[in-house]
1. Quick check, is residue 83 within 27 Å of residue 21 (Cα to Cα) and assigned to a loop (DSSP other than H, G, I, E, B)?
2. Can you name every one of the strands (runs of 3 or more DSSP E) wholly within the range 99-142 that holds 2 or more residues which are closer than 12 Å to residue 67 by Cβ, in contact with a His (Cβ under 9 Å, 6 or more places away or on another chain) and not basic (Lys, Arg)?
3. Exactly one condition in (1) out of contact with any Lys or Arg (no Cβ under 7 Å at 6 or more places or on another chain); (2) closer than 30 Å to residue 11 by Cβ; (3) surrounded by fewer than 16 Cβ atoms within 10 Å (Cβ to Cβ); (4) at pLDDT 95 or above is not met by residue 109; state its number.
4. Six or more apart or on different chains, Cβ atoms under 9 Å: show the pairs whose first residue is in the range 1-19 and within 18 Å of residue 113 (Cα to Cα) and modelled with pLDDT under 75 and whose second is assigned to a helix (DSSP H, G or I) and of a type in the set (S, T, N, Q).
5. Given the criterion hydrophobic (A, V, I, L, M, F, W, C) and closer than 20 Å to residue 28 by Cβ, identify the matching residue among 55, 96, 116.
6. For the range 44-64, state whether one or more residues are within 17 Å of residue 126 (Cβ to Cβ), outside any strand (DSSP E or B) and either touching a Cys at 6+ places or on another chain (Cβ under 6 Å) or modelled with pLDDT of 95 or more (or both).
Amino acid sequence: MRQEQPAFVLAAQQIEWALHQTYRQYLTGRLERPQKELSCLEDDIEVGISRYDGFTADKPHLHLRATEHVYVLEGEVRIRLMNGGQEYRLKQGDFFLLRPGVAYASKNAAGTRLLFIKAPGGNDKQLAEPDPETISWLAAWD
């Protein structure tokens, strides 16, 4: 159920504090694991910021129902589609969209910050089994 509020504000100071506690802070969404700063619950969308202080490779996965939108606030991210190996290299100011059911691997350079939006909201992440080439690709930035 959506929390009905006429307006909701998370101040920059609250968001930055939260991002120093964890690498990912949701700004709105319906989460299985509530976050301290999040009190605006929405059923149909998730919005958040991810912060990567060092090189980070995420586990390959896909979203069963959600379209994922990614905007690079700072740094650089590389995304590799699991089917065919197509690679995208995104830098500050770039935007990327991933459709439901598209399995991908991603890695982030140190100092990267991403704004992500998933619609519809809800935890629909399913891990994807990487092939040997993807495992090797994830091991290092280049």
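1. In short, no.
2. Answer list for the range 99-142: 112-119.
3. (3) is the only condition that residue 109 fails.
4. Final answer for the pair search is none.
5. It is 116.
6. yes
The values are calculated or read from the model by the stated rules, or taken from the named source; none is laboratory data. Everything numeric in this text was worked out from a predicted model, so none of it was measured. Glycine gets a Cβ as well: all are built from the backbone with ideal geometry, and neighbour counts include every protein chain shown.
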